[in-house]
Every structure is written in C-alpha cells, then in structure tokens.
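Peer 1: One structure coming up, written as structure tokens, with questions to follow.
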Amino acid sequence: MSGPRCAFADPEATTSMGICNLAAEYYVAHHEWPLSKAQLEEQNRRLLEGARAQMSSEEATELSEFLDRFTYLDLRKSGEDLVMLYRFKVERRTVDQTVTLRPRPTADEILQAATAKGYD
C-alpha cells in the first residue's frame, strides 16, 4: 500500500492515541496522573458507560477489551508530567512507545501538547 493513509485507519496510531487519551481523561477527571493499569481500567469503564448508548455492541466489546492489547505498561511521574512506556502487538509487529504527557486543562490539550513535537 502506498500513498497517504488516514491515522484513524492505522491500528498502531489509534492504539497509541487511545492509551494516551485514556491517561489524559483520567488526569482531567482526577487532577492527578494514573499510575497503574487498574486506574486506567476504571477510567475506561467510566468512559464506556458514558458512551455505550451511542455505540454498537461490537464497538463496546472492543473498547472494553482495549487495555488487553498492551503487553507492557509503565506509568511514571516525572515532575508534573507523566511518562508512559508501553508495548502492544499490531499486525504481527511489536510496537514500543514512550510518550510524555503534560498537565493541561482538557484531554484534547494534553494530547495536542504530547503530539506537537517542539511546539509546546
């Protein structure tokens, strides 16, 4: 496959964005970073409950199993920031990522700052 691809159709991009969004939503809800997979699982349940009426049963099942994709997940505070190290498998490849999230008022702003690469 050649040419541009939509990030929303890319399983690697959507999985990475999904875990970062989950941590960002947790921060906005609790005013602190999640430091365990259990905290992310609880946030995922809350988000799923709030959106269940707008999604199909297949989507709900996929979202409820989202965190099962991760074979490694390390969440560490670094000053005011959260450093996330994670690993997941997609399309017969293993993906290792390290992302730093910085406190912002909204989840969208947290994600934007994390993906801005030098524009923060």
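Peer 1: Where residues in the stretch 97-120 are open to solvent by less than 40 Å² (accessible area, probe 1.4 Å) and assigned to a loop (DSSP other than H, G, I, E, B), which of them is modelled with the highest pLDDT? Walk me through how you get there before you give the answer.
Peer 2: First, the residues of the stretch 97-120 that are open to solvent by less than 40 Å² (accessible area, probe 1.4 Å): 99, 101, 103, 107, 110-111, 113-114, 116.
Next cut, assigned to a loop (DSSP other than H, G, I, E, B) only: 103, 116.
Details: Pro103: 97, Ala116: 74.
If we take residues in the stretch 97-120 being open to solvent by less than 40 Å² (accessible area, probe 1.4 Å) and assigned to a loop (DSSP other than H, G, I, E, B), then Pro103 is modelled with the highest pLDDT.
Peer 1: Additional query: Being more than 26 Å from Ala116 (Cα to Cα) and not hydrophobic (A, V, I, L, M, F, W, C): is that true of Arg46 here?
Peer 2: On the way: more than 26 Å from Ala116 (Cα to Cα): yes; not hydrophobic (A, V, I, L, M, F, W, C): yes.
Here the answer is yes, as Arg46 does meet what is asked.
Peer 1: Among the residues of the stretch 30-46, what is the count of those that are open to solvent by 60 Å² or more (accessible area, probe 1.4 Å) and either of a type in the set (Phe, Trp, Tyr) or within 13 Å of the chain's Cα centre (by Cα) (or both)?
Peer 2: 2
Peer 1: Answer with yes or no whether Arg92 is within 19 Å of Ala13 (Cβ to Cβ), touching a strand residue (DSSP E or B) at 6+ places or on another chain (Cβ under 6 Å) and modelled with pLDDT under 95. Break it down into steps so the answer makes sense when it comes.
Peer 2: Numbers: within 19 Å of Ala13 (Cβ to Cβ): yes; touching a strand residue (DSSP E or B) at 6+ places or on another chain (Cβ under 6 Å): no; modelled with pLDDT under 95: yes.
Here the answer is no, as Arg92 does not meet what is asked.
Peer 1: Looking only at the stretch 47-89, which residues are under 21 Å from Val28 (Cα atoms), exposed (fewer than 13 other Cβ atoms within 10 Å of the Cβ), more than 14 Å from the chain's Cα centre (by Cα) and without any contact (Cβ under 8 Å) to a residue 40 or more places away in the chain?
Peer 2: Glu49, Gly50, Ala51, Ser78, Gly79, Glu80
The values are calculated or read from the model by the stated rules, or taken from the named source; none is laboratory data. Everything quoted here is computed from the prediction, not taken from an experiment. Note that we place each Cβ from the backbone using ideal geometry, even for glycine, and neighbour counts take in every protein chain shown. Areas reflect the complete protein model, heavy atoms only, side chains present, ligands, DNA and RNA absent. Shrake-Rupley method; radii C 1.70, N 1.55, O 1.52, S 1.80 Å.
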